[in-house]
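Structure first, commentary second.
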Amino acid sequence: MAESKMVVVALLLVALVMASSTVPAADALCFTDCYSRCANGQVGNVACSNMCSQACIVPKTLPDGTDLASLYPGGGK
């Protein structure tokens, strides 16, 4: 009986770890997928970029207040 409880707990832990690891991967692909569908092959489509940034909630600053644009050369201008 104790073995079956341990197996159930182990399976639940594995399921929990798998579920928690797939969410960030899906979020990371949100902007790319949204932009490719919206822009339809165009590069530099500002309207699609803005819409997908809002839809996918792309942060403009890090939790410590660092502006993400300052992390890329030429992005802070």
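The values are calculated or read from the model by the stated rules, or taken from the named source; none is laboratory data. Fair warning: this is a prediction, and the values are worked out from it, not measured in the lab. Using ideal geometry, Cβ is built from the backbone for each residue, glycine included, and neighbour counts are taken over all protein chains shown.
Regarding region 19-39, can at least one residue be identified that is in contact with a helix residue (DSSP H, G or I) (Cβ under 7 Å, 6 or more places away or on another chain), at pLDDT below 80 and surrounded by 10 or more Cβ atoms within 10 Å (Cβ to Cβ)?
Our first condition is that a residue be in contact with a helix residue (DSSP H, G or I) (Cβ under 7 Å, 6 or more places away or on another chain); within region 19-39, this holds for 31, 34-35, 38-39.
Imposing the further condition that a residue be at pLDDT below 80 reduces the set to none.
Looking through region 19-39, none of the residues is in contact with a helix residue (DSSP H, G or I) (Cβ under 7 Å, 6 or more places away or on another chain), at pLDDT below 80 and surrounded by 10 or more Cβ atoms within 10 Å (Cβ to Cβ).
Kindly indicate the residue of region 54-71 that is in a helix (DSSP H, G or I) and modelled with pLDDT of 85 or more and also surrounded by the fewest Cβ atoms within 10 Å (Cβ to Cβ) among those meeting that condition. Spell out how you get there, then give the answer.
The first filter runs over region 54-71 and keeps only residues in a helix (DSSP H, G or I), leaving 54-55, 68-71.
With modelled with pLDDT of 85 or more added as a condition, the list becomes 54-55.
Working: 54: 10, 55: 13.
Looking at residues that are in a helix (DSSP H, G or I) and modelled with pLDDT of 85 or more, I get 54.
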What about residue 75, is it small (Gly, Ala, Ser) and at pLDDT 75 or above?
no
